[in-house]
Amino acid sequence: EVLGIGGLVGAGRTEVARALFGADPIDAGEIRLDGQPVLIRSPRDAIRLGLGLVPEDRKTLGLILNMVVRENVTLAHLDLLSMLGFVNRRRERDLAAEYVRSLRIRTPTIEQEVRHLSGGNQQKVVLAKWLCTDSRVMIFDEPTRGIDVGAKQEIYELMNELAARGVAMIMITSELPELLAMSDRILVMHAGRVAGELSREEATQERVMHLATGGE
């Protein structure tokens, strides 16, 4: 399913994403994966368990802009592409090319620096990086911020394809139409806590905003 997380700026949505991915420590509670409690103390733990994070600030946190598409796509997968400290460049190129094709990343070559790509294609490169690691839970923080309408639709289609393949998704977004259209279930946050949960059938803009502003 696609679990949407909504709320106003400062409600704590991004903090939840960072805590789930091990980027920030949690003070209380537990994280469960497939019904079993797991310990995530770092992004390395999260990656090992099959989590991937597409951050809100892709240029700073999701990509290394002066590196090429090939290097960015395989960045989280280097341990499996390496032997005795050396990267198998042929396997790296083949893997990057495979994801460029499957995600329809528009680039003249996998040796293109990602800073020269459009926002939508940069976002696809971030997504490819985690799909390389066989992520089974994807966390999207503002997945379509700063990209054009056509690229937004492509990102939505890719998310739906992933959901159909059994990848669980958590989508944090401040865009209400996006939240309502893409989510099977919605958690609304207010002041650092979950203010309410809505099914797709229950969710309306009015109900989401009511919960987001502290209504019961």
Original post:
In this structure, is residue 117 in contact (Cβ under 8 Å) with a residue 12 or more places away in the chain, over 20 Å from residue 185 (Cβ atoms) and surrounded by fewer than 22 Cβ atoms within 10 Å (Cβ to Cβ)?
Top reply: yes
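Given the structure, is residue 22 in contact with a Leu (Cβ under 9 Å, 6 or more places away or on another chain) and in a strand (DSSP E or B)? Before the answer, list the steps.
Numbers: in contact with a Leu (Cβ under 9 Å, 6 or more places away or on another chain): yes; in a strand (DSSP E or B): no.
Considered against the rule, which asks whether it is in contact with a Leu (Cβ under 9 Å, 6 or more places away or on another chain) and in a strand (DSSP E or B), residue 22 comes out as no.
From the list 161, 157, 111, exactly one residue is in a loop (DSSP other than H, G, I, E, B), of a type in the set (D, E, K, R) and surrounded by fewer than 16 Cβ atoms within 10 Å (Cβ to Cβ). Which is it? Explain how you work it out, then say what you get.
On the way: 161 fails: in a loop (DSSP other than H, G, I, E, B); 157 fails: in a loop (DSSP other than H, G, I, E, B).
Going through 161, 157, 111 in turn, the sole match is 111.
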**OP:** Might you check whether a residue that is of a type outside the set (Ser, Thr, Tyr), more than 20 Å from residue 55 (Cβ to Cβ) and touching a His at 6+ places or on another chain (Cβ under 7 Å) occurs anywhere in the range 169-182?
**Re:** no
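Taking the options 48, 70, 13, name whichever one is among the basic types (Lys, Arg) and under 23 Å from residue 166 (Cβ atoms).
Numbers: 70 fails: under 23 Å from residue 166 (Cβ atoms); 13 fails: under 23 Å from residue 166 (Cβ atoms).
Sole residue among the options that is among the basic types (Lys, Arg) and under 23 Å from residue 166 (Cβ atoms): 48.
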**OP:** Looking only at the range 47-86, count how many residues are free of Cβ contacts under 8 Å to residues at least 12 places away in the same chain and either over 16 Å from residue 125 (Cβ atoms) or not in a helix (DSSP H, G or I) (or both).
**Re:** 9
**OP:** Give me a count of the residues in the range 154-182 that are among the small types (Gly, Ala, Ser) and more than 14 Å from the chain's Cα centre (by Cα).
**Re:** 4
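Here is a yes/no grid of residues against (1) of a type in the set (Phe, Trp, Tyr); (2) modelled with pLDDT under 95:
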site: 113; (1), (2): no, no
site: 136; (1), (2): no, yes
site: 140; (1), (2): yes, no
site: 146; (1), (2): no, yes
site: 149; (1), (2): no, yes
site: 157; (1), (2): no, yes
site: 160; (1), (2): no, yes
Original post:
Restricting the range 189-212 to residues that are out of contact with any Leu (no Cβ under 7 Å at 6 or more places or on another chain) and among the polar types (S, T, N, Q), which is farthest from residue 175 (Cα to Cα)?
Top reply: 199
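Going by what's in this entry, would residue 151 be described as among the aliphatic types (A, V, I, L, M), touching a residue at least 12 places away in the same chain (Cβ under 8 Å), over 25 Å from residue 50 (Cα atoms) and assigned to a helix (DSSP H, G or I)? Let's see the steps before the verdict.
On the way: among the aliphatic types (A, V, I, L, M): yes; touching a residue at least 12 places away in the same chain (Cβ under 8 Å): yes; over 25 Å from residue 50 (Cα atoms): yes; assigned to a helix (DSSP H, G or I): yes.
Criteria met by residue 151.
The values are calculated or read from the model by the stated rules, or taken from the named source; none is laboratory data. Quick caveat, the model's predicted, so the values are computed rather than measured. Here the Cβ is made from the backbone with ideal geometry for all residues, glycine too, and neighbour counts use every protein chain on show.
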